[in-house]
1. For the range 461-489, how many residues are buried (at least 17 other Cβ atoms within 10 Å of the Cβ) and under 20 Å from ILE532 (Cβ atoms)?
2. What number of residues within the range 113-165 are more than 33 Å from the chain's Cα centre (by Cα) and within 30 Å of GLU240 (Cβ to Cβ)?
3. Considering every residue within the range 277-299, establish whether at least one is at positive phi and either outside the structural domain of ALA429 (by TED's automatic domain parsing) or more than 34 Å from the chain's Cα centre (by Cα) (or both).
4. Listed residues ARG69, ARG132; which is buried (at least 19 other Cβ atoms within 10 Å of the Cβ) and either among the aromatic types (Phe, Trp, Tyr) or not assigned by TED's automatic domain parsing to the domain that holds TYR233 (or both)?
5. Look at GLN291 and say whether it is closer than 30 Å to LEU562 by Cβ and among the polar types (S, T, N, Q).
6. Among what's in the range 497-533 and is part of a strand (DSSP E or B) and among the β-branched types (Val, Ile, Thr), pick the residue that is nearest to ARG559 (Cα to Cα).
7. Report every pair of residues separated by at least 6 positions or lying on different chains whose Cβ atoms are under 6 Å apart, first residue within the range 328-344 and assigned to a strand (DSSP E or B), second among the charged types (D, E, K, R).
8. Consider ILE231 carefully, then state whether it is closer than 27 Å to GLY383 by Cβ and within 16 Å of the chain's Cα centre (by Cα).
Amino acid sequence: MSDFAYSGEKRTRKRTVLLTLFFFLWFFGLTLKLIQLQVIEHPRLRQAAVKQNQSKKEIIPERGEILDRRGKVMARSLPVPSAALFRADTEPEASAYGKVLRLKGVLNLSEKELRRIKSQISQRDPFIYIKRKISPAEADAVSRLRIEGIGFQEEHKRFYPMGTQAAQILGGVGMDNDGLSGLELQYDNRLAGSNGESLMLCDARRRAYHWEVLEEPQPGQDLVLTIDETIQYIASSELEKAVRENDAAWGTVIVSHPASGEILAMATAPDYDPNDYPPPIPQLMRNQAIQENFEPGSTFKIVTAAAAREFDAVEFNDHFDCSQGYIRVPGYTIRDHKRMGVLTFAEVIIDSSNVGTVQVGQRVGTDNLYRMIKAFRFGEKTGIELPGEENGICHPPSRWSKSSLASHSIGYGISVTAIQVLQAMNIIANRGLLVPPRISRDTVDRAMFPPAAQASAERVISERTAAELIDNIFIKVALEGTATQARLDGFTVAGKTGTAQRSIQGGRGYSSGSHLASFVGFVPAADPALSIIVVINDPKAKFYYGGLVAAPVFREIARRALLYLNRFPEFDPSQKILTATARGED
């Protein structure tokens, strides 16, 4: 073999070895890479692939409706679009954010919203809400721009057909349809339902090509209220008018059916529109009917009068000297708005004499008065199915001062809520039985009222005591006493007025220029269809007495509601001779 041939063969073997070594190293490196990708980094890469091509989202169910007692919708959820950015994982941040900026004017995006979106883009979120629950006009404007990667997600938005009516009792929901106040909060678990889950598959450009439901959402259950939409409108409109005309700080009204305890209307003014929740002034969400503690003044004489008769402390014809117009008790002097002379026990309450009522309270005594206060459930919640109800403030006799018996007798030194006072008057209307108030029910009531369910009612005072108080005092309060402005043609009204001075902040006595006017009563007196409490806080117009500010509101609500309920007059007003002149003190 020649040297030339031997040299060529050697070079061939060398190239073969090198080539074999190269392929071995290439195969070895490829094997290592495959091990790295398929074993070591498999979980991370799988997660990245899923993140890029799949998107799981919660499906928020349709929230249950809130209905009035006749089945009229007071709150419901409607489908609305939400503008969203569907972003490819490889899309530059500047490009994605630029798309959003094109919508700034169309969707009126704030700087805060833009910062939130930019932060989500930097975190490489594949799905980003730009603006949720937009109007049809806004959705149409976005669609016309035809921006790639900008689309819509269907959601549900809460809608309240009554607007401002019943705002404080209905409450409101957050962006994710979670109840935040009122009945929406109280019954959130029932109304909300349970979330579902969806899967969306996207291509490399984040365009959805497949969508499926992994778990069906369970819609919320409906909630039926005892509220009557028409009576609610009547109460709200009359209250708003009274607060405006009396230049008052706020007012509240509750209308109930005494025998069943069902709340037919509950209104607070000023109000807000729950369709624009939350309101710009958070205080507007406060339900003054159950969340405001106040000293009731003379409406609390209901309790003093009940104690006086239930414990046989006085007779209706017992006389009390009120001629001086004041009475001194340890620490201060209690006065009447005018001198009244010598009054019977009935006249003391009818004319709302503080001087006479203090003397009645002294006959009743501390222990008996406190027993009656607790029997009427003051100092504890009524149990109404609404969040935030206050207990009121009622101290035991061990914490009473020497003047507490006198002050409690006339409704001072104790704090109550409007619904507690209405509950007390309902005890009188129900002839001594306590029927707790309620605002929710299980079924729609096509008739106005169900049979009175008083099996769980508790007797607080005797039927005789209640009947005597109605006939001898509370009817006469409207006929000839401080509440003649509550009289209603064709119907007998029973009730009690109240005018309380508001305490100065910090407990430094009482303000002579700030009052709380109230009236609580029921009609017809013999067979009550309605009981109503009206509270007007700090009226600054011409009058501030409960008989002149609150009693007329009672009259107008009762008149319109009885007409709506087709309740016929008890008697011909032309044949009913009333000799009393219009009065309204206290």
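1. 18
2. Selection size over the range 113-165: 0.
3. Just the residues of the range 277-299 that are at positive phi, to begin with: 297.
Subset that is either outside the structural domain of ALA429 (by TED's automatic domain parsing) or more than 34 Å from the chain's Cα centre (by Cα) (or both): none.
No, the range 277-299 contains no residue that is at positive phi and either outside the structural domain of ALA429 (by TED's automatic domain parsing) or more than 34 Å from the chain's Cα centre (by Cα) (or both).
4. On the way: ARG132 fails: buried (at least 19 other Cβ atoms within 10 Å of the Cβ).
Going through ARG69, ARG132 in turn, just one is buried (at least 19 other Cβ atoms within 10 Å of the Cβ) and either among the aromatic types (Phe, Trp, Tyr) or not assigned by TED's automatic domain parsing to the domain that holds TYR233 (or both): ARG69.
5. On the way: closer than 30 Å to LEU562 by Cβ: yes; among the polar types (S, T, N, Q): yes.
Answer is yes for this residue.
6. We begin by selecting, within the range 497-533, every residue part of a strand (DSSP E or B); these are 497-503, 510-523, 530-533.
Narrowing the set further to residues that are among the β-branched types (Val, Ile, Thr) leaves 497, 499, 520, 523, 532-533.
Details: THR497: 18, THR499: 23, VAL520: 15, VAL523: 10, ILE532: 12, ILE533: 14 Å.
Result: VAL523.
7. Partner pairs satisfying both residue conditions: VAL342/ASP321.
8. Details: closer than 27 Å to GLY383 by Cβ: yes; within 16 Å of the chain's Cα centre (by Cα): no.
When the stated conditions are applied, ILE231 does not pass them.
The values are calculated or read from the model by the stated rules, or taken from the named source; none is laboratory data. This one's a predicted model, so the numbers in the text were calculated from it and none came from an experiment. In this analysis, Cβ positions are derived from the backbone assuming ideal geometry, glycine residues included, and neighbour counts consider all displayed protein chains.
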